[in-house]
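*Asks:* Take a look at the following structure, please.
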Amino acid sequence: MHFTSERRLDDGVLEREFALGEIPGTLWTPESATSAAPVPLILMAHNNGLSKREPRLVARARHSVAYGYAVASIDAAGCGDRPRSAADEQARADIRRAMRAGEPVDEIFESYIGPLVEKAVPDWRTTLDALLALPEIGGPVGYSGWTAVGIRLAVTEPRIAAAGFFAGGYVPRAQREEARQVGVPLLFLLQWDDEGNPRQRALDLFDAFGTKEKTLHANLGGHTGTPWFEADDGNRFFGRHLK
């Protein structure tokens, strides 16, 4: 892991950009994080090919750091600034065309999101290896964000101790089946009027999660309308399981 920039923000958060091979990422840590007092880590993933610089993600990350966590986000393969294949670009164009025309998009999403998950999860696990080697970061580890990637990580990565998922965003059929194997404590956020995410599909997914400790928070509003108080509730949820 090579740190490419470092700055201390006005709230005391240390923000460092890093490169891990082809993986670009950002790590935010509180002033309290030292080798003598390492802090828990939250992996924070943006949704379906967006960027780690997405303003809502950065705001959530800094908010979690204020609660005493280290937070890291990466641009996984095909996401953010990383190159997309010709097939990825075609799928994105097909999604935009179909949505403008009011046509079904599930099969297009399946062909696009499924491969993204397959490529993203190894990048996240490699990043986790490097982050936990830093002296100021300790376990346990939480995950917050992109549901499809989070399901696969929760099933395959034993270092994930708790997860917070956002119901918005397409979840491939393979991850819907894997949801039954998720055993870590789970907080699931649902926007009741999310125009791009059928409500019943999200409720069915919540029902499928195999964990014995799962909580559903549903709020009125569209895709990007998650109330800010959910960030506080999310940090309290992680506090019960990471501290």
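The values are calculated or read from the model by the stated rules, or taken from the named source; none is laboratory data. Computed from a predicted model, the values in this text were never measured in an experiment. Cβ atoms come from the backbone with ideal geometry, glycine included; neighbour counts cover every protein chain shown.
*Asks:* In region 56-83, how many are part of a loop (DSSP other than H, G, I, E, B), farther than 19 Å from Gly138 by Cα and touching a residue at least 12 places away in the same chain (Cβ under 8 Å)? Lay out the reasoning, then the answer.
*Replies:* Residues of region 56-83 that are part of a loop (DSSP other than H, G, I, E, B), as a first pass: 67-69, 75-83.
From what is left, the residues that are farther than 19 Å from Gly138 by Cα are 75-83.
Add one more test, that the residue is touching a residue at least 12 places away in the same chain (Cβ under 8 Å), and what stays is 75-82.
Qualifying residue count for the region: 8.
*Asks:* In addition: Just the residues that are part of a loop (DSSP other than H, G, I, E, B) and among the hydroxyl-bearing types (Ser, Thr, Tyr), please, taken from region 205-243. Break it down stepwise before answering.
*Replies:* Narrowing region 205-243 to residues part of a loop (DSSP other than H, G, I, E, B): 209-213, 220-228, 243.
Thr211, Thr224, Thr226, listed by residue number.
*Asks:* Of all the residues that make up region 93-110, how many are part of a helix (DSSP H, G or I) and surrounded by 15 or more Cβ atoms within 10 Å (Cβ to Cβ)? Steps first, please.
*Replies:* The initial filter retains those residues of region 93-110 that are part of a helix (DSSP H, G or I), namely 93-101, 106-110.
From what is left, the residues that are surrounded by 15 or more Cβ atoms within 10 Å (Cβ to Cβ) are 94-95, 98, 108-110.
Count: 6.
*Asks:* Additional query: Any residue in region 6-30 that is farther than 15 Å from Val71 by Cα and exposed (fewer than 12 other Cβ atoms within 10 Å of the Cβ) sitting within a Cβ distance under 8 Å of a residue that is of a type in the set (Val, Ile, Thr) and modelled with pLDDT of 95 or more? List the pairs, counting only those 6 or more apart or interchain.
*Replies:* These pairs meet every condition: Gly21/Thr126.
*Asks:* Here is a further query. On the phi < 0 side of the Ramachandran plot and within 23 Å of the chain's Cα centre (by Cα), is that true of Ala37?
*Replies:* Working: on the phi < 0 side of the Ramachandran plot: yes; within 23 Å of the chain's Cα centre (by Cα): no.
The answer is no for Ala37.
*Asks:* I would also like to ask the following. Does region 42-54 contain any residue that is closer than 21 Å to Val121 by Cα, of a type in the set (Ser, Thr, Tyr) and in a loop (DSSP other than H, G, I, E, B)?
*Replies:* Initially, region 42-54 is screened for residues closer than 21 Å to Val121 by Cα, giving 42-54.
From what is left, the residues that are of a type in the set (Ser, Thr, Tyr) are 51.
Restricting the remaining residues to those that are in a loop (DSSP other than H, G, I, E, B) gives 51.
Yes, region 42-54 contains a residue that is closer than 21 Å to Val121 by Cα, of a type in the set (Ser, Thr, Tyr) and in a loop (DSSP other than H, G, I, E, B).
*Asks:* Considering only residues that are modelled with pLDDT under 95 and not in a helix (DSSP H, G or I), look in region 111-147 and name the one that is surrounded by the fewest Cβ atoms within 10 Å (Cβ to Cβ).
*Replies:* Gly139
*Asks:* Which residue is farthest from Asn47 (Cα to Cα), if the candidates are limited to region 148-173 and must be surrounded by 24 or more Cβ atoms within 10 Å (Cβ to Cβ), touching a Gly at 6+ places or on another chain (Cβ under 6 Å) and touching a residue at least 40 places away in the same chain (Cβ under 8 Å)?
*Replies:* Per the criteria, the residue is Ala162.
*Asks:* Find all pairs meeting these conditions: Cβ atoms under 7 angstrom apart; at least six residues apart or on different chains; first residue within region 214-243 and touching a residue at least 60 places away in the same chain (Cβ under 8 Å) and under 18 Å from Met44 (Cα atoms); second residue polar (S, T, N, Q) and assigned to a strand (DSSP E or B).
*Replies:* Matching pairs, first to second residue: Thr226/Gln191; Thr226/Asn219; Gly234/Ser144.
*Asks:* Let me ask something else about it. Is it the case that region 193-202 has a residue that's in contact with a helix residue (DSSP H, G or I) (Cβ under 8 Å, 6 or more places away or on another chain), assigned to a helix (DSSP H, G or I) and not hydrophobic (A, V, I, L, M, F, W, C)?
*Replies:* no
*Asks:* Additional query: Criterion first (over 18 Å from the mean Cα position of the chain (by Cα), surrounded by 15 or more Cβ atoms within 10 Å (Cβ to Cβ) and among the hydroxyl-bearing types (Ser, Thr, Tyr)) does Thr211 satisfy it? Spell out the reasoning first.
*Replies:* Values: over 18 Å from the mean Cα position of the chain (by Cα): yes; surrounded by 15 or more Cβ atoms within 10 Å (Cβ to Cβ): yes; among the hydroxyl-bearing types (Ser, Thr, Tyr): yes.
Considered against the rule, which asks whether it is over 18 Å from the mean Cα position of the chain (by Cα), surrounded by 15 or more Cβ atoms within 10 Å (Cβ to Cβ) and among the hydroxyl-bearing types (Ser, Thr, Tyr), Thr211 comes out as yes.
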